[in-house]
Amino acid sequence: MQLPPALCARLAAGPGAAEPLPVERDPAAGAAPFRFVARPVRFPREHEFFEDGDVQRHLYLQEVLMQVADAPEKPRVPAFACQVAGCCQVFDALDDYEHHYHALHGNVCSFCKRAFPSGHLLDAHILEWHDALFQILSERQDMVGEVCIAAEAIPSGDGLRVLPQLSGARGQGQGYLSTLGSPVRGAWWWGRARGQREVMPSPCQYQCLVEGCTEKFKTSRDRKDHMVRMHLYPADFRFDKPKKSRSPASAEVPGDSGERSEGEAMEICSEPVAASPAPAGERRTYSHRIPSTICFGQGAARGFKSNKKKTKQC
Amino acid sequence: MWSRRQGRLRPTVCGVEELRRRRREQEAALRKARREQQLVSKRLLREDVPEEAGEGCVAAILGEAEVQQFLRQAQRGTEEKEREGALVSLRRGLQHPETQQTFIQLEGSMRTLVGLLTSNQALLQLEAARCLHELSHSEHSTIAEACLPATSYLLTYLSGHSPDFIELCLYTLGNLIVESEAVRRQLLPQGIVPALAACIQSPHVAVLEALGYALSQLLQAKEAPEKIIPPASASSSILASTLPQHMLQMLQPGPKLNPGVAVEFAWCLHYIICSQVSNPLLIGHGALSTLGLLLLDLAGAVQRTEDAGLELLACPVLRCLSNLLTEAAVETVGGQMQLRDERVVAALFILLQFFFQKQPSLLPEGLWLLNNLTANSPSFCTSLLSLDLIEPLLQLLPVSNVVSVMVLTVLCNVAEKGPAYCQRLWPGSLLPALLHTLAFSDTEVVGQSLELLHLLFLYQPEAVQVFLQQSGLQALERHQEEAQLQDRVYALQQIALQG
């Protein structure tokens with residue numbers, strides 16, 4: 001097949017459209033028995049027209065058997081240790097070290113040293129395990145937990161408006177809010193201090209852990225139910241362990257080998273109620289946020305009493 | 001881009017004839033599968049460990065006891081190297097289908113493997129993932145489906161940061177996706193589409209190629225046009241996600257264009273477009289102009305190098321353009337065709353020549369685009385004439401019947417526009433070529449030749465005399481008994497005799 005020499009030059013030159021020759025159709029052109037009509041053609045997915053190209057594509061997929069590394073083998077270097085404090089792993093290949101670093105030190109909780117596969121899961125963990133306000137709000141769930149308000153309404157230092165009286169309807173998502181005077185810090189808005197007997201608002205704050213799903217739930221159990229039912233996740237998904245009190249020094253990482261993890265999940269928290277996995281600094285913050293005049297529930301103690309219930313429910 | 005190497009389990013010495021024979025067998029098997037709409041292919045990632053003479057290079061089949069032992073060692077070994085070594089041995093054994101069967105039949109084996117996959121030892125994680133990958137490559141659905149407990153973790157790890165690991169997870173997922181609808185029914189609610197949409201922002205070329213592969217497998221699924229592609233499918237929808245825009249970005253020509261990545265995403269785009277779900281949406285994202293520019297780039301690349309792999313990219317690009325050109329949206333945007341650049345025709349012919357030399361089976365696809373460009377476009381028809389492309393087109397006639405019909409159709413597209421066009425087709429090689437195709441036995445070729453002759457006689461009456469002088473009537477008589485051709489043969493005979 002010989003192409004005119006000027007064709008390559010035309011390709012290299014700038015864009016442009018040919019000035020079309022005049023179109024002048026004679027009605028006899030389409031007269032029977034002749035039936036030609038100029039028309040663009042479309043072929044659907046499974047059309048046999050695509051057979052040859054599809055076969056070529058699949059030959060390519062099947063023949064590509066080996067990974068082509070830029071270097072024929074992993075470059076070896078003199079053995080070196082991971083520089084992260086507390087890690088004593090030694091490596092002699094940079095690729096191995098890179099994977100180790102990303103897997104174990106990339107998304108690490110600074111409170112309890114647990115490593116997570118992604119920033120998303122780490123964020124959820126920090127919120128659910130180490131955020132004092134989250135702890136308070138989720139404890140509310142066990143006592144009243146009637147109406148959910150959007151998680152965005154929870155303050156982190158900002159003011160919050162709350163409904164003085166709620167109808168007690170169950171539900172998720174946006175609730176009804178009205179102003180209660182000037183914005184207040186922390187959890188002062190519970191209203192109990194004002195002597196009102198009311199249903200305490202409880203936010204839905206357990207976010208679904210599946211990428212792309214924005215659903216939020218009142219309790220971690222509801223969230224797990226959702227993940228199992230809607231997302232077909234395993235009931236023992238290793239990055240959704242319920243919170244239990246453990247000392248940070250144990251440095252447990254979620255998802256140890258199967259048997260070990262199961263053993264841990266079944267462990268009943270036996271540490272004293274007042275013990276907290278959070279570092280001392282956080283406890284002080286916790287104390288500042290909740291004035292002693294506020295009491296959640298009649299005679300309820302502060303702490304992680306609710307954890308025991310949750311653990312048992314697992 | 002991947003280059004081709006021999007399989008690890010094949011004998012190292014293999015004659016050229018043997019290779020050709022295997023390739024022919026492979027091709028025949030693929031054709032059969034295609035006709036039965038069972039075309040499934042998987043990719044296998046294996047590290048190319050240099051084989052050492054004197055050692056057992058080929059992995060042995062593992063028995064139940066050995067599999068159990070390796071699993072136990074990997075799970076409970078005290079030394080990390082020992083644990084890793086056990087998994088490596090397991091992985092090598094899993095190259096064999098027999099070992100794979102043994103593995104999945106062993107109680108608790110997958111649970112243990114998943115535990116190792118999610119362990120806090122990074123290298124154990126990697127080896128466990130490689131074991132899963134071997135299993136995912138199996139041709140037996142029971143084995144691939146046995147990997148289902150791991151999918152939520154594979155998806156979770158796509159948001160991680162280790163490119164090698166993510167690449168491995170993606171290829172494993174891609175292999176599992178193509179396995180069965182049952183697998184996809186799990187992966188879709190598990191959020192595979194949002195996970196891929198998040199992962200496509202990775203800067204790593206290997207990750208992007210793997211992602212393209214996984215996505216192409218998802219889009220190839222039978223139920224994709226109803227359940228995966230349309231925007232209304234909510235969380236599992238491809239078109240509702242940011243994937244289409246990113247895909248088009250991967251196809252933009254320029255220094256960042258990576259051929260291996262582009263091939264995968266071009267095929268993804270083809271599966272979406274030929275499903276004809278919501279092509280105006282893609283046109284709105286600039287698909288036509290991106291693909292048109294890519295076509296120009298391909299033609300340039302073809303001229304510069306002898307790389308035979310370019311047809312792997314050219315094929316889906318041609319298909320996407322051809323199908324998109326049939327959309328009404330092409331005309332309405334701005335009131336004119338988005339694709340008007342004459343260089344597209346020049347590029348297409350350069351590619352046709354390339355196909356003619358390297359891959360003649362792709363000529364019909366190129367000519368399909370030419371038909372769709374010229375059918376309703378006086379401008380492109382004029383380009384064919386002004387760029388002297390009629391002669392090269394006629395040179396393709398002898399290739400095959402399918403190609404002949406398409407060449408004649410394109411010529412009809414030009415001729416039907418009227419006398420100004422037919423004058424430019426005359427004199428020249430057209431009439432001799434037509435007399436030649438009238439001698440073909442294929443009814444469709446002859447039929448299209450008759451249509452073209454009719455247009456030529458109508459708009460260029462001088463052609464009739466020359467036709468008669470060159471024994472045209474005898475050429476026509478040959479077909480006057482053929483049912484599908486009779487009427488037209490007779491009509492032309494009348495015109496010729498009256499002329």
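Scan region B:427-445 residue by residue and report those that are buried (at least 19 other Cβ atoms within 10 Å of the Cβ) and small (Gly, Ala, Ser).
B:Ala433
This table checks each residue for (1) touching an Asp or Glu at 6+ places or on another chain (Cβ under 9 Å); (2) more than 14 Å from chain A (Cβ to nearest Cβ); (3) surrounded by fewer than 23 Cβ atoms within 10 Å (Cβ to Cβ).
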position	(1), (2), (3)
B:Ile238	no, no, no
B:Ser241	no, no, yes
B:His246	no, yes, yes
B:Gln249	no, yes, yes
B:Pro255	no, yes, yes
B:Asn258	yes, no, yes
B:Glu264	yes, no, no
B:Tyr271	no, no, no
B:Gln276	yes, no, yes
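For residues in region B:446-476 being part of a helix (DSSP H, G or I) and loosely packed, with under 13 Cβ neighbours inside 10 Å, which is nearest to the other protein chains (Cβ to nearest Cβ)?
Across region B:446-476, the extreme among qualifying residues is B:Gln465.
Tell me which residues, restricted to region B:188-234, are without any contact (Cβ under 8 Å) to a residue 24 or more places away in the chain, small (Gly, Ala, Ser) and away from chain A (no Cβ under 12 Å). Don't jump to the end; show me each part of the working.
So in region B:188-234, the residues without any contact (Cβ under 8 Å) to a residue 24 or more places away in the chain come out as B:203, B:226, B:232-234.
Pick out the ones that are also small (Gly, Ala, Ser) and you get B:232-234.
Result: B:Ala232, B:Ser233.
Return yes or no: is B:Gln101 in a helix (DSSP H, G or I) and crowded, with 21+ Cβ neighbours inside 10 Å?
Details: in a helix (DSSP H, G or I): yes; crowded, with 21+ Cβ neighbours inside 10 Å: no.
Criteria not met by B:Gln101.
Here is a yes/no grid of residues against (1) acidic (Asp, Glu); (2) within 13 Å of the chain's Cα centre (by Cα):
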position	(1), (2)
B:Lys222	no, no
B:Pro231	no, no
B:Ala266	no, yes
B:Ser278	no, no
B:Leu282	no, no
B:Asp297	yes, no
B:Arg304	no, no
B:Gly309	no, yes
B:Leu318	no, yes
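Can you confirm whether A:Ala69 is within 58 Å of the chain's Cα centre (by Cα), modelled with pLDDT under 90 and at the interface with chain B (Cβ under 7 Å from one of its Cβ atoms)?
no
Considering only region B:136-150, I want to know if a residue exists there that is touching a residue at least 60 places away in the same chain (Cβ under 8 Å), buried (at least 24 other Cβ atoms within 10 Å of the Cβ) and under 27 Å from the mean Cα position of the chain (by Cα).
So far as region B:136-150 goes, yes, one or more of its residues are touching a residue at least 60 places away in the same chain (Cβ under 8 Å), buried (at least 24 other Cβ atoms within 10 Å of the Cβ) and under 27 Å from the mean Cα position of the chain (by Cα).
Report, by residue number, each residue of region B:477-499 that is of a type in the set (D, E, K, R) and surrounded by 17 or more Cβ atoms within 10 Å (Cβ to Cβ).
Step one: filter region B:477-499 for residues of a type in the set (D, E, K, R), giving B:477-478, B:481-482, B:487-488.
Residue satisfying the conditions is B:Arg488 alone.
Among (1) modelled with pLDDT under 90; (2) surrounded by 22 or more Cβ atoms within 10 Å (Cβ to Cβ), there is one condition B:Gly115 misses while meeting the rest; what is its number?
Among (1) modelled with pLDDT under 90; (2) surrounded by 22 or more Cβ atoms within 10 Å (Cβ to Cβ), B:Gly115 violates only (1).
Could you look through region B:377-394, keep only residues that are under 27 Å from the mean Cα position of the chain (by Cα) and either at the interface with another protein chain (Cβ under 7 Å from one of its Cβ atoms) or crowded, with 24+ Cβ neighbours inside 10 Å (or both), and pick out the one that is nearest to A:Val41 (Cα to Cα)? Spell out how you get there, then give the answer.
Keep residues of region B:377-394 that are under 27 Å from the mean Cα position of the chain (by Cα), which gives B:380, B:392-393.
Narrowing further to those that are either at the interface with another protein chain (Cβ under 7 Å from one of its Cβ atoms) or crowded, with 24+ Cβ neighbours inside 10 Å (or both): B:380, B:392.
Working: B:Phe380: 16, B:Pro392: 23 Å.
Top of the filtered list is B:Phe380.
Can you pull out the residues in region B:477-499 that are modelled with pLDDT under 90, in a helix (DSSP H, G or I) and in contact with a Pro (Cβ under 9 Å, 6 or more places away or on another chain)?
Of everything in region B:477-499, nothing turns out to be modelled with pLDDT under 90, in a helix (DSSP H, G or I) and in contact with a Pro (Cβ under 9 Å, 6 or more places away or on another chain).
Go through region A:197-244 and give me each residue that's modelled with pLDDT of 90 or more and on the phi > 0 side of the Ramachandran plot.
Scanning region A:197-244 gives a single hit, A:Leu232.
Restricting the search to region B:21-63, which residues are more than 27 Å from B:Glu223 (Cα to Cα) and at pLDDT 80 or above?
Passing the criteria: B:Arg21, B:Arg22, B:Arg23, B:Arg24, B:Glu25, B:Ala60, B:Ile61, B:Leu62, B:Gly63.
Working only within region A:1-40, note down all residues that are buried (at least 16 other Cβ atoms within 10 Å of the Cβ) and either in a loop (DSSP other than H, G, I, E, B) or more than 7 Å from chain B (Cβ to nearest Cβ) (or both).
Residues satisfying the conditions are A:Met1, A:Leu3, A:Ala17, A:Ala18, A:Pro20, A:Leu21, A:Phe34, A:Phe36, A:Ala38, A:Pro40.
Taking the stated definitions as given, is B:Glu179 within 19 Å of the chain's Cα centre (by Cα), at negative phi and assigned to a loop (DSSP other than H, G, I, E, B)?
In short, yes.
How many residues does region B:481-499 hold that are over 14 Å from B:Gln448 (Cβ atoms) and at the interface with another protein chain (Cβ under 9 Å from one of its Cβ atoms)?
Here the count works out to 4.
Can you tell me which residue is farthest from B:His161 (Cα to Cα) among those in region A:98-128 that are surrounded by fewer than 20 Cβ atoms within 10 Å (Cβ to Cβ) and of a type in the set (Phe, Trp, Tyr)?
Looking at the filtered set, the residue picked out is A:Phe111.
Condition (residue is of a type in the set (Val, Ile, Thr) and not in a helix (DSSP H, G or I)) applied to region B:395-406: is it met by at least one residue? Spell out the reasoning first.
Initial filter on region B:395-406 (of a type in the set (Val, Ile, Thr)): B:399, B:402-403, B:405.
Still in the running and not in a helix (DSSP H, G or I): B:399.
Yes; the residues of region B:395-406 include at least one that is of a type in the set (Val, Ile, Thr) and not in a helix (DSSP H, G or I).
Tell me, yes or no, whether region B:363-384 has at least one residue that is aromatic (Phe, Trp, Tyr) and over 30 Å from B:Gln498 (Cα atoms). Steps first, please.
Kept after step one, since they are aromatic (Phe, Trp, Tyr), are these residues of region B:363-384: B:368, B:380.
The next check asks that each one be over 30 Å from B:Gln498 (Cα atoms); those that pass are B:368, B:380.
Yes, because at least one residue in region B:363-384 is aromatic (Phe, Trp, Tyr) and over 30 Å from B:Gln498 (Cα atoms).
Which condition number in (1) outside any helix (DSSP H, G or I); (2) modelled with pLDDT of 85 or more; (3) not hydroxyl-bearing (Ser, Thr, Tyr) is the one that A:Asp54 fails?
(1)
The values are calculated or read from the model by the stated rules, or taken from the named source; none is laboratory data. Just so you know, these numbers come straight off a predicted model, no measurement behind them. Cβ coordinates were reconstructed from backbone atoms using ideal geometry, including for glycine residues, and neighbour counts include every protein chain displayed.
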